[in-house]
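A.B. asks: Below is a structure I'd like to ask you about.
The numbers here are math on the coordinates, done by the rules we state, and not lab data. From a predicted model like this one, the values you see are computed outputs, not experimental measurements. Note that each Cβ is placed from the backbone with ideal geometry, even for glycine, and that neighbours are counted across all protein chains shown.
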Amino acid sequence: MGYLLLTNDDGADSPALLPFAHALKEIAEVRVVVPDRERSWIGKAITRFGEIRVRRTVLEGIEVAVADGFPADCTQLGVHSLFGTRPDMVVSGINIGLNDSLAFFLSSGTAGAAAEGWIAGIPAFAFSTGVTSDHRSWAERVWAGDDADLWPRAAKISVDIVRDAMRKGYPNGVDMLNV
């Protein structure tokens, strides 16, 4: 096994990023490339001709490449430019908010980042969590850190799914899973 590329659309400050990265490290090498700020509702937008600046930092022992581009740019950088080898799998998320219908899926930066992976021929996941009512209040509490135990729980569930895919492979005809 090579490595997993982890990205998101909520940026380096996402309360989900580090719990997810630490949990993924229990099953594989993880390399992280994320936007420098929240980039939700951007779909699979990419920077066409502009320059994307990347700064590297370490957050809680995790090396993170922070890019001033879109989530799909982060996947492209991680797949084609920053590491010299391609990842075995692209993992995007855990998104703050559900991507549970076609409209949300097509608009999601989380899903767009994962889609960029499968376009490159790499199995990909888009992970999201949320509530079905009063999303705004829930998201405000999450960003404020009021539900800190959510992220280790969500990360564990997500990692179990990734682990199963690593062992068994994807179902025939499936390139990307939206969870």
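A.B. asks: Grab the DSSP H runs of the chain that are 4 residues or longer, score each as -39,500 (n - 2.57), total them, divide by all residues and round the 222 nm result to the nearest 500 deg cm²/dmol. All intermediate terms of the calculation are to be shown ahead of the outcome.
C.D. replies: On the way: 6 runs with 61 residues, N = 179.
The helix contribution divided over the chain gives -10000 deg cm²/dmol.
A.B. asks: Rounded to two decimals, what is the ratio between the C-alpha radius of gyration of region 3-178 and 2.2 N^0.38 Å? Walk me through the intermediate numbers first.
C.D. replies: Details: Rg = 14.7 Å, N = 176, 2.2 N^0.38 = 15.7 Å.
Taking the Cα Rg and dividing by 2.2 N^0.38 Å, one obtains 0.94.
A.B. asks: Please report how far the C-alpha centroid of region 73-139 lies from that of region 1-59, rounded to the nearest whole angstrom.
C.D. replies: Distance between centres, Cα-based: 9 Å.
A.B. asks: Which of the lysines could a cross-linker span from Lys156 if the Cα-Cα distance has to be under 23 Å and same-chain partners fewer than 8 positions apart are dropped?
C.D. replies: Filter leaves Lys25, Lys168.
A.B. asks: For the chain, modelled as a Gaussian network with Cα springs under 10 Å, which listed residue fluctuates most, Ala16, Ala139, Ala103?
C.D. replies: In the Gaussian network model the winner is Ala103.
A.B. asks: Show me the trypsin sites (Lys or Arg not before Pro) within region 43-114 that DSSP assigns to loop and that have at most 14 other Cβ atoms within 10 Å of their Cβ. Don't jump to the answer; show the numbers that get you there.
C.D. replies: On the way: sites: Lys44, Arg48, Arg53, Arg55, Arg56; in loops: Lys44, Arg48, Arg53.
Loop-located and lightly packed - Arg48, Arg53.
A.B. asks: By how many nm would the segment from Ile157 to Met1 grow when fully extended, if each residue of separation counts as 0.36 nm and the alpha-carbon distance is taken off? Intermediate results must be reported in sequence, preceding the final value.
C.D. replies: Numbers: separation 156, 0.36 × 156 = 56.16 nm, distance 2.08 nm.
So the extension gain works out to 54.1 nm.
A.B. asks: Would you mind ranking Asp9, Asp149, Asp36, Asp100 so that the residue whose beta carbon has the fewest other beta carbons within 10 Å leads the list? Provide the component values of the computation, followed by the final result.
C.D. replies: Details: Asp9 31, Asp149 8, Asp36 17, Asp100 12.
Result, fewest neighbours first: Asp149, Asp100, Asp36, Asp9.
A.B. asks: Chymotrypsin sites (Phe, Trp or Tyr not before Pro) within region 40-146: which are DSSP loop residues with at most 14 other Cβ atoms inside 10 Å? It would help to have the intermediate numbers written out before the result.
C.D. replies: Numbers: sites: Trp41, Phe49, Phe83, Phe104, Phe105, Trp118, Phe125, Phe127, Trp138, Trp143; in loops: Trp41, Phe49, Phe83.
Within region 40-146, the qualifying chymotrypsin sites (Phe, Trp or Tyr not before Pro) (loop, at most 14 other Cβ atoms within 10 Å) are Trp41, Phe49.
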